[in-house]
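Chemist: I'd like to ask some things about the structure below.
The values are calculated or read from the model by the stated rules, or taken from the named source; none is laboratory data. For clarity, every value in this text was computed on a predicted model and none was experimentally measured. Cβ: placed from backbone, ideal geometry, glycine included. Neighbour counts: every protein chain shown.
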4 protein chains.
Amino acid sequence: MPLSILVIGSRGRMGQLACQAIDADPSMQLVGRVDKDDDLAQCLKQSQADVAVDLTHAKLAATHAELIIDAGCRPVIGTSGLTEQSVRAIQDHCMQQHRGGIIVPNFSLGAVLAMQCAKLISQHFQHAEIIEYHHAEKQDSPSGTAIKTAEMLQNVVEYAPPHSETINGARGAVHQNVPIHSLRVPGIAAKQDVVFGHPGESLTISHNVIDRQAYMPGLLLACRAVMNLNECVYGLEHILPDLQAPSN
Amino acid sequence: MPLSILVIGSRGRMGQLACQAIDADPSMQLVGRVDKDDDLAQCLKQSQADVAVDLTHAKLAATHAELIIDAGCRPVIGTSGLTEQSVRAIQDHCMQQHRGGIIVPNFSLGAVLAMQCAKLISQHFQHAEIIEYHHAEKQDSPSGTAIKTAEMLQNVVEYAPPHSETINGARGAVHQNVPIHSLRVPGIAAKQDVVFGHPGESLTISHNVIDRQAYMPGLLLACRAVMNLNECVYGLEHILPDLQAPSN
Amino acid sequence: MPLSILVIGSRGRMGQLACQAIDADPSMQLVGRVDKDDDLAQCLKQSQADVAVDLTHAKLAATHAELIIDAGCRPVIGTSGLTEQSVRAIQDHCMQQHRGGIIVPNFSLGAVLAMQCAKLISQHFQHAEIIEYHHAEKQDSPSGTAIKTAEMLQNVVEYAPPHSETINGARGAVHQNVPIHSLRVPGIAAKQDVVFGHPGESLTISHNVIDRQAYMPGLLLACRAVMNLNECVYGLEHILPDLQAPSN
Amino acid sequence: MPLSILVIGSRGRMGQLACQAIDADPSMQLVGRVDKDDDLAQCLKQSQADVAVDLTHAKLAATHAELIIDAGCRPVIGTSGLTEQSVRAIQDHCMQQHRGGIIVPNFSLGAVLAMQCAKLISQHFQHAEIIEYHHAEKQDSPSGTAIKTAEMLQNVVEYAPPHSETINGARGAVHQNVPIHSLRVPGIAAKQDVVFGHPGESLTISHNVIDRQAYMPGLLLACRAVMNLNECVYGLEHILPDLQAPSN
């Protein structure tokens, strides 16, 4: 029997793509679309969905998750920027009901794999810098992904110190010994290079997203994986089996 | 007490660098240099070295290893291109004497880590291509590292088939479903990109060697690790602890 | 007075974008949209457009251009793959009527500039290779742009010959001494690297298109420039003033 | 008759390479090597060299150039960091004697071509950022080449403003509307990317030096070209014929 899925925020750009991707997957069935004017609790009740994917806003995540869990359904929260408080509220609620859930700030499998590779390499290369390229509309810098990546690196030591700058900012934004350089360039959607150096050699992990299609495989994977959980996990890496076990 | 090390082939380019690197490491002591005109058996006996690093030729590897093992010393064989027969002979000899040994076709930590990352990613991205760049003097193509990398990738499926070429060779050398593209460019020493693609995103592992210094950390690591082995392993990956165990 | 423009093939993906871009430009006015079921001759007569942009098919280009010229309008032919015969027919017709026209196989300013830069560099670097990356649906390889780029390079000499391949195709498709390597990767739309090497240094021109928006500035430029021509030129480079001054 | 050349600073790393390169060129003859303890005036007199290449220090450049010119020889000053005053003194002295001379802060042909390409592209792409990578020993940032490159770009407008930084320095060092990002990475010798963006496309010029060999073709070219000058020029671009024709 196919997995029955409800999409919340189905008219947004991510929502439309998600509906198409679920429709195209023979192991899944799209049993409902929920948007602003709809009553989520009622939709959950009527559809009897196994999984509800929330693609609306971080602010609504905790409220939506509660309704989803109480309806006997499993939440896949696909918004970024949740407060720690919201994350904990959702996790507590899942725990109480012994219900699977997953919060995914970034559905891209490539982004998760890039971070895991960077973490692995950082155990052997003591110097790393991050270059992140985004479209010009992005307001803040560095990106959340760059900051999270810097925090995952281990054993990295500070290198050429920033006081040698003849123009301020040349050596980037240093976070946990990792300089981060943010480019805002029209014509590039979202790209991140993590550059590691040793005397004589360098090693770069480069991840490049050009289209929201990139997020669909991770979204479908989350829908499937949430059925086998009995708690709420945070981050796609928790449901990729080989990232938890030996890679060779 | 420092680890005592003998370098065989000490006058070659790798040999000179190895002697410098060992000299500069306070936990090691260079107790002998052996070259063409020297008697290896006698040097081993006189030096009482813990470890002997062979940087001569693949053809000499098995003979040298036997002398090293019989002298109660541990071989670090740092030449590439050994036949399977030579590898097995060395491993058998180590086994009989319960002696540690290691054969390392490529001492670069970056190369090993790049391959491990590529292997990890290949479990989630079904399409991969390899671009390898080498200096113009390199005779054969594709490189041995590119072929070995292609063989480590898993789940990769063939993509756009080569019969659509209007000029032969455009789609590269296909090995185990992975197209390999070999550039021979003056001004590039040794570089390899492994490019993975998904709809909407791509992920690239790029490794770049510009100087033989790149091989020294792996060489020193092999010297240390061989003391704790009681068999002979093939490849630097076997002595990097985190590559054998969960990375998170 | 704004430039009045007619778009032929207005419902296609390029056509829709072109109509939006013209609408958004205060110096231009969109005076008509022509599609399959419309009568082009009549639309040209009614609209009295200054310029007609044809975004349909290479096969229709010559016929459309003739109707456009005969109506006193100027053709901007924005399709690729025209036969030499079609190109000449359009140019002859423009010549006879002393009418401006332009045939543009690739509206991307970046692509034109990348080729001009590659041409300039080729006067000083004797070895070059091209890597072109396209999405997986692209049928033929190498790409037309890669072949045209190879033909623009000067003084390039053949390097490591292809007979050293242990797997056929490793050294790519050699065209006019330039090896071309074609990658077909989901997640990359259209990218081209031209790699030049000298002993000790390399220089790479990398052009990356991720969205059809890339073609709009060149399209608007062609509409403006065609008003000042009295013959039909082929290629966007002819209307970029600084590229006409002898760069060689 | 071969061109006779004197090398000043022949024992330094650049000097040794220069002597080898001159020796290997059949159209040239190395007629003298001058170092610290030698008397330059006397060496110039004895050797009767056509050209003297100075590879010592910026501080000595003006004094050396004066001696060279007064001896009837032509100076090729191959040091960087000359003050404006020194440059003018050398140019005045050449002018008075109607003597050719050239001051070359960077002998790399690739660096000159990269800057010329960047200048050309900047006429059509309004947004540019520079990433420069250097080895970890480099003290100052941004590099002189990055600053000079930013100054050559035209029509570039400021983009996402730096006040959106959540960590200081993320958006780099902004110089003439061009953000410059400086990486200091062991394992990279000297690399510079100039990244241009348009909606939908990006164009990158990437120059990578891995060895001082990169400077020899430019050095030999300067020795030849200085014979045909009757004034002193600054920068390799002035003797590359195709770069003098107006590219804008």
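Chemist: On the given criteria, is residue D:224 of a type in the set (D, E, K, R) and touching a Pro at 6+ places or on another chain (Cβ under 6 Å)?
Modeler: The answer is no for residue D:224.
Chemist: Restricting attention to the stretch B:68-103, which residues are closer than 20 Å to residue B:33 by Cα and in a helix (DSSP H, G or I)?
Modeler: B:68, B:69, B:70
Chemist: Against the condition of a type outside the set (S, T, N, Q) and within 29 Å of residue D:33 (Cα to Cα), how does residue D:125 come out, does it pass?
Modeler: When the stated conditions are applied, residue D:125 does not pass them.
Chemist: Looking at D:167, D:205, D:180, can you tell me which residue is crowded, with 24+ Cβ neighbours inside 10 Å, more than 13 Å from chain C (Cβ to nearest Cβ) and of a type in the set (Val, Ile, Thr)?
Modeler: Answer to the check: D:180.
Chemist: Checking residue A:199 against (1) in contact with a Pro (Cβ under 7 Å, 6 or more places away or on another chain); (2) more than 9 Å from chain B (Cβ to nearest Cβ): exactly one of these is not met. Which one?
Modeler: The failed condition is (2).
Chemist: Conditions: (1) at pLDDT 95 or above; (2) surrounded by fewer than 20 Cβ atoms within 10 Å (Cβ to Cβ); (3) not charged (D, E, K, R). Residue B:133 meets all but one. Number of the miss?
Modeler: Going through the list (1) at pLDDT 95 or above; (2) surrounded by fewer than 20 Cβ atoms within 10 Å (Cβ to Cβ); (3) not charged (D, E, K, R), residue B:133 breaks only (2).
Chemist: Say we look at the stretch B:133-154 and pick out the residues that are in contact with a helix residue (DSSP H, G or I) (Cβ under 6 Å, 6 or more places away or on another chain) and either in contact (Cβ under 8 Å) with a residue 60 or more places away in the chain or of a type in the set (A, V, I, L, M, F, W, C) (or both); which of these is nearest to residue B:234 (Cα to Cα)?
Modeler: Ranking the candidates gives B:152 first.
Chemist: Being among the small types (Gly, Ala, Ser) and in a strand (DSSP E or B) is the filter here; which residues of the stretch B:10-34 pass it?
Modeler: B:32
Chemist: For the stretch A:139-158, which positions are facing another protein chain (nearest Cβ under 7 Å) and of a type in the set (D, E, K, R)? Reasoning before the result, please.
Modeler: Here is the first cut: in the stretch A:139-158, the ones facing another protein chain (nearest Cβ under 7 Å) are A:139-142.
Result: A:140, single match.
Chemist: Here is a follow-up. For the stretch A:155-171, which positions are touching a helix residue (DSSP H, G or I) at 6+ places or on another chain (Cβ under 9 Å) and closer than 19 Å to residue D:187 by Cα?
Modeler: A:156, A:171
Chemist: Then there's this: Within the stretch D:25-56, count every residue that is aliphatic (A, V, I, L, M) and closer than 15 Å to residue D:215 by Cα. If you could, list the steps in order and put the result at the bottom.
Modeler: We begin by selecting, within the stretch D:25-56, every residue aliphatic (A, V, I, L, M); these are D:28, D:30-31, D:34, D:40-41, D:44, D:49, D:51-53, D:55.
Pick out the ones that are also closer than 15 Å to residue D:215 by Cα and you get D:53, D:55.
Adding up the residues that qualify gives 2.
Chemist: Could you give me the residue pairs with C-beta distances under 9 Å whose first residue belongs to the stretch D:106-121 and is more than 8 Å from every other protein chain (Cβ to nearest Cβ), whose second residue is aromatic (Phe, Trp, Tyr) and assigned to a helix (DSSP H, G or I) wherever it lies, and which are 6+ apart or on separate chains?
Modeler: D:106/D:215; D:107/D:215
Chemist: May I pose another question? Can you pull out every residue in the stretch A:1-30 that is free of Cβ contacts under 8 Å to residues at least 40 places away in the same chain, surrounded by 15 or more Cβ atoms within 10 Å (Cβ to Cβ) and more than 16 Å from residue A:55 (Cα to Cα)?
Modeler: Of everything in the stretch A:1-30, just one residue is free of Cβ contacts under 8 Å to residues at least 40 places away in the same chain, surrounded by 15 or more Cβ atoms within 10 Å (Cβ to Cβ) and more than 16 Å from residue A:55 (Cα to Cα), namely A:29.
Chemist: In this structure, does residue C:125 turn out to be within 14 Å of chain D (Cβ to nearest Cβ), of a type in the set (Phe, Trp, Tyr), in contact with a strand residue (DSSP E or B) (Cβ under 6 Å, 6 or more places away or on another chain) and in a loop (DSSP other than H, G, I, E, B)? Don't jump to the end; show me each part of the working.
Modeler: Values: within 14 Å of chain D (Cβ to nearest Cβ): yes; of a type in the set (Phe, Trp, Tyr): yes; in contact with a strand residue (DSSP E or B) (Cβ under 6 Å, 6 or more places away or on another chain): yes; in a loop (DSSP other than H, G, I, E, B): yes.
So residue C:125 passes the test.
Chemist: Still on this structure, I have one more. Can you find a residue that is under 30 Å from residue C:2 (Cβ atoms), modelled with pLDDT of 95 or more and not polar (S, T, N, Q) anywhere in the stretch C:188-209?
Modeler: Yes, some residue in the stretch C:188-209 is under 30 Å from residue C:2 (Cβ atoms), modelled with pLDDT of 95 or more and not polar (S, T, N, Q).
Chemist: Go through the stretch A:209-219 residue by residue and tally those that are assigned to a helix (DSSP H, G or I) and either at positive phi or at the interface with chain B (Cβ under 9 Å from one of its Cβ atoms) (or both).
Modeler: Number of matching residues: 6.
Chemist: Something else about it: Go through the residues of the stretch B:97-104 one by one and say whether even a single one is within 23 Å of residue A:122 (Cα to Cα) and within 14 Å of chain C (Cβ to nearest Cβ).
Modeler: No, that holds for no residue.
Chemist: Still on this model: Condition (residue is of a type in the set (S, T, N, Q), buried (at least 16 other Cβ atoms within 10 Å of the Cβ), away from chain A (no Cβ under 14 Å) and closer than 30 Å to residue B:188 by Cα) applied to the stretch B:81-90: is it met by at least one residue?
Modeler: no
Chemist: Out of the stretch B:170-208, which residues are assigned to a loop (DSSP other than H, G, I, E, B) and over 22 Å from residue C:199 (Cβ atoms)?
Modeler: Hits for the stretch B:170-208 are B:170, B:171, B:172, B:176, B:177, B:199, B:200.
Chemist: Residue C:54: acidic (Asp, Glu), in contact (Cβ under 8 Å) with a residue 40 or more places away in the chain and farther than 30 Å from residue C:204 by Cα, yes or no?
Modeler: So residue C:54 passes the test.
Chemist: I'm trying to understand the selection: among the residues of the stretch D:219-248, which are at pLDDT below 95 and crowded, with 23+ Cβ neighbours inside 10 Å?
Modeler: Selection gives D:236 alone.
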